[in-house]
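For reference, the structure discussed in these notes is given below.
The values are calculated or read from the model by the stated rules, or taken from the named source; none is laboratory data. Treat the numbers as computed from the prediction; the structure is a model and nothing was measured. So basically every Cβ, Gly included, is an ideal-geometry build from the backbone, and we count neighbours across all protein chains shown.
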Amino acid sequence: MRIESLLEHVQSRYADAVVGVAPEVRGDAAVVVKRAALRTFLAAVKSDPELDLNILMDLTALDYLHWEEKEDRFEVVYNLFSLSKNHRLFVKVRVPESDPAVDSAVPVWPAADWYEREVWDMFGIRFTGHPGLKRILMYEGFQGHPLRKDYPYNKRQPIIGPVN
Amino acid sequence: MLLNVGPQHPAMHGIVRIIVGLDGETITSADVEIGYLHRAFEKMCEQGPYNNAIPYTDRLNYVSPLINNIAYCQSVEKLFGITVTERCQYVRVIVSEMSRITDHLTCIGATAMELGAFTVFLYMIKAREMLYELIENVTGARLTISYARVGGLKADLPEGFEDKLRAAIAETRGVLKEVEGLLNKNRIFIDRVKDVGVISRQDALAYGITGPFLRSTGVDYDVRKAQPYMVYDRFEFDVPVGEHGDNLDRYYVRMEEMYQSMRILEQALAQLPAGPIQVGTDGQVIPAAVMVDEAKMGRTRGFKEAAVVADPTLEGTGRDGHTTVYSANKRVALPAKEDTYGNIEGLMNHFKLVMHGHGIRPPKGEAYVPVEGANGELGFYVSSDGTDRPYRVRVRPPCFAIMGALPKLLIGDSIADIVPTFGSVNMIGGELDH
């Protein structure tokens, strides 16, 4: 599906979940979704035969601490791809600093398991319903979340031995 | 029984730890622990100008760094909305395919070695060495190549490249034939890899696996065909697929992909748009340092046309060849070294692009360009806030998804099967751990 028709389809079919289009993503279709409706939206676009977004290519987050136009501090980005239709949809969900949590996508795609652990590790965003949300790249006992904008890049922490 | 495999173990290419639960010799559970090679790639990219991230991308996948370089540059170029020159696109395709071959050679060679076929490893490394020498010829380094630039490439192909590449292709074909002779009907090898590490098509898709791994299950998804980037739509090549999704199919898929890459290389060489016509310099070649000194004293007569002998590390960045592989967009592309050293416009242009607080500034926005890495879909999600530094750089490393599915691959097989299965994953610590 072409980008315009893809966006139109998503906006009309899932009008109660979609907040709007995310124009900042260049050359790809991108929508912003309500946080509360996220998991049902992801499950719906996966099984929607016209969209058939069956692959979760990537899941990441952005920290907009130093970005004044943005109201919420974090944004979680889902990179969905359809093998049969050969189109891509970026789904964004805004996450406030006061309650950094979104529903886990692991029931929809097992691939989300490691990606969500990485986002938790790097940004401190919790994924409700994740089977085992623990750090993946940093070690247990590491203080803070390094990809947050207020984490200094040259901060040093003691290297501790293995926990178990 | 719980058994610790790794973090340092000869068969764990790089550093990774697998805690396997065993019942006799059968694996009942597996817990994969990664992060030992974490070097804060994404965080460090935010600290410097756009082109500063390029050396970091070299070190993500250190077996095929050129593909990483190019993927990153394509994302930034998408932010700008610029297209690189045609010759540049061809050169990018050529070096990407060379990297793909070196990656597959390493993967199969190392796996075969771990299964006892040491000769295969030596043969394949011999072919890889030829390609690495060629890569060194082009970029100046074997692994840490830093060849791509936003808007183009550091330098054009060197003289005599085409003949050398054709010779390397012929050599690699010979090596692949030898390896096929050694492995394809080898009972010891086949018994170790056939029906081992099986993953179904549905599971592979659910885990977001791409690349040769996904294709071994029978899905013909290849970014080069599905969403052609650069000039891939101008070449004829097939996407080999497997059937069973086991280690043997992955071996066959990788072998066939190398033949297909060589087909692309030969077509690209034939179609490569003509290079620049060397401009006669009339013997007016000046060392760059002398040129700078002379210019400080105001003696700049004839500098605009003069050729510069720059430091060997800057070889190929001169005026000849510059316009063919680099964008003409002055907001992005560094000027030719003759201009940087020889006239004030060039120097200012250079200054505006490299000095602190200046630099290249893509407009606000986010962009993602998928490319077919040697392990699967590779892409950089780059976010720009309009300044000279990326606001966020996110890499989608292809082997991350595969490693996430590793427990699924291992459980039910025997302890000895860890080695071939893990080898066929082709885990690259640099990109896996960011």
What residue, among those in segment B:354-369 that are away from chain A (no Cβ under 14 Å) and at positive phi, is modelled with the lowest pLDDT? B:Gly357
Which of the residues spanning segment B:62-76 are out of contact with any strand residue (DSSP E or B) (no Cβ under 6 Å at 6 or more places or on another chain), crowded, with 24+ Cβ neighbours inside 10 Å and either farther than 13 Å from B:Gly379 by Cβ or free of Cβ contacts under 8 Å to residues at least 24 places away in the same chain (or both)? B:Ser64, B:Pro65, B:Leu66
Considering only helices (runs of 4 or more DSSP H) fully contained in segment B:387-434, which possess at least 1 residues that are among the small types (Gly, Ala, Ser)? B:398-404, B:418-425, B:429-432
For segment B:171-213, which positions are out of contact with any helix residue (DSSP H, G or I) (no Cβ under 9 Å at 6 or more places or on another chain), among the aliphatic types (A, V, I, L, M) and within 25 Å of B:Tyr123 (Cα to Cα)? B:Ile188
Which one of B:Asp203, B:Asp238, B:Asp220 is of a type in the set (D, E, K, R), within 12 Å of chain A (Cβ to nearest Cβ), surrounded by fewer than 23 Cβ atoms within 10 Å (Cβ to Cβ) and in a loop (DSSP other than H, G, I, E, B)? B:Asp220
Which residues, taken from segment B:402-430, are within 25 Å of the chain's Cα centre (by Cα) and within 12 Å of chain A (Cβ to nearest Cβ)? B:Ile402, B:Met403, B:Gly404, B:Ala405, B:Leu406, B:Gly429
Answer with yes or no whether B:Arg173 is within 30 Å of B:Leu272 (Cβ to Cβ), at pLDDT 90 or above and within 24 Å of the chain's Cα centre (by Cα). yes
B:Asn51 vs. criteria at pLDDT below 85, part of a helix (DSSP H, G or I) and under 20 Å from the mean Cα position of the chain (by Cα): yes
If we keep only residues of segment B:387-401 that are at the interface with another protein chain (Cβ under 7 Å from one of its Cβ atoms) and within 17 Å of A:Val25 (Cβ to Cβ), then the residue surrounded by the fewest Cβ atoms within 10 Å (Cβ to Cβ) is B:Arg392
Just one of (1) farther than 26 Å from B:Phe118 by Cα; (2) within 14 Å of chain A (Cβ to nearest Cβ); (3) in contact (Cβ under 8 Å) with a residue 40 or more places away in the chain trips up B:Asp233, so point out which. (3)
Tell me which strands (runs of 3 or more DSSP E) are completely within segment A:36-130 and hold 1 or more residues being away from chain B (no Cβ under 11 Å), or say none if there are none. A:74-82, A:87-95, A:101-103, A:126-128
Does B:Asp191 satisfy being away from chain A (no Cβ under 14 Å), without any contact (Cβ under 8 Å) to a residue 60 or more places away in the chain and surrounded by fewer than 21 Cβ atoms within 10 Å (Cβ to Cβ)? yes
Give the number of residues within segment B:373-389 that are acidic (Asp, Glu) and within 15 Å of B:Phe400 (Cα to Cα). 1
Quick check on my filter: what residues within segment A:95-122 are in contact with a Ser or Thr (Cβ under 9 Å, 6 or more places away or on another chain) and more than 30 Å from B:Ser200 (Cβ to Cβ)? A:Ala101, A:Met122
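Conditions (1) part of a strand (DSSP E or B); (2) out of contact with any strand residue (DSSP E or B) (no Cβ under 8 Å at 6 or more places or on another chain); (3) farther than 28 Å from A:Ala30 by Cα; (4) of a type outside the set (Phe, Trp, Tyr), marked per residue:
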position	(1), (2), (3), (4)
B:Arg331	no, yes, no, yes
B:Pro335	no, yes, yes, yes
B:Thr340	no, yes, yes, yes
B:Gly346	no, yes, yes, yes
B:His350	no, yes, yes, yes
B:Gly357	no, yes, yes, yes
B:Ile360	no, yes, no, yes
B:Val369	yes, no, no, yes
B:Tyr381	yes, no, no, no
Mind listing whichever residues of segment B:376-393 are in contact with a Ser or Thr (Cβ under 8 Å, 6 or more places away or on another chain) and under 27 Å from B:Asp220 (Cβ atoms)? B:Gly376, B:Glu377, B:Gly379, B:Phe380, B:Tyr381
Would you mind telling me which numbered condition in (1) among the aliphatic types (A, V, I, L, M); (2) farther than 29 Å from A:Asp150 by Cβ; (3) within 14 Å of the chain's Cα centre (by Cα) A:Val91 fails? (2)
Sort out which residues of segment B:245-269 are closer than 22 Å to B:Lys408 by Cα, in a helix (DSSP H, G or I) and not aliphatic (A, V, I, L, M), and write them in order of number. B:Asn247, B:Asp249, B:Arg250, B:Tyr251, B:Tyr252, B:Arg254
Conditions (1) surrounded by fewer than 24 Cβ atoms within 10 Å (Cβ to Cβ); (2) in a helix (DSSP H, G or I) -> B:Gly116 fails only (2)
Which residue out of B:Leu334, B:Leu314 is over 30 Å from A:Ala61 (Cβ atoms), buried (at least 23 other Cβ atoms within 10 Å of the Cβ) and modelled with pLDDT under 85? B:Leu334
Restricting attention to segment A:53-61, does a residue exist that is of a type outside the set (S, T, N, Q), more than 13 Å from the chain's Cα centre (by Cα) and surrounded by 23 or more Cβ atoms within 10 Å (Cβ to Cβ)? yes
Exception for B:Gln74 within (1) within 14 Å of chain A (Cβ to nearest Cβ); (2) in contact with an Asp or Glu (Cβ under 7 Å, 6 or more places away or on another chain) falls at (2)
Only one of (1) away from every other protein chain (no Cβ under 14 Å); (2) part of a helix (DSSP H, G or I) is not met by B:Lys43, so which one is it? (1)
So, of the residues in segment B:77-92 that are within 14 Å of chain A (Cβ to nearest Cβ) and in contact with a Pro (Cβ under 7 Å, 6 or more places away or on another chain), which turns out to be nearest to B:Cys399 (Cα to Cα)? B:Leu79
Collect the residues in segment B:120-162 that are outside any helix (DSSP H, G or I), of a type in the set (Asp, Glu) and within 30 Å of B:Arg389 (Cα to Cα), keeping them in residue-number order. B:Asp156
Just give me the residues in segment A:133-149 being more than 11 Å from every other protein chain (Cβ to nearest Cβ) and over 17 Å from the mean Cα position of the chain (by Cα), in sequence order. A:Gly141, A:Gln143, A:Gly144
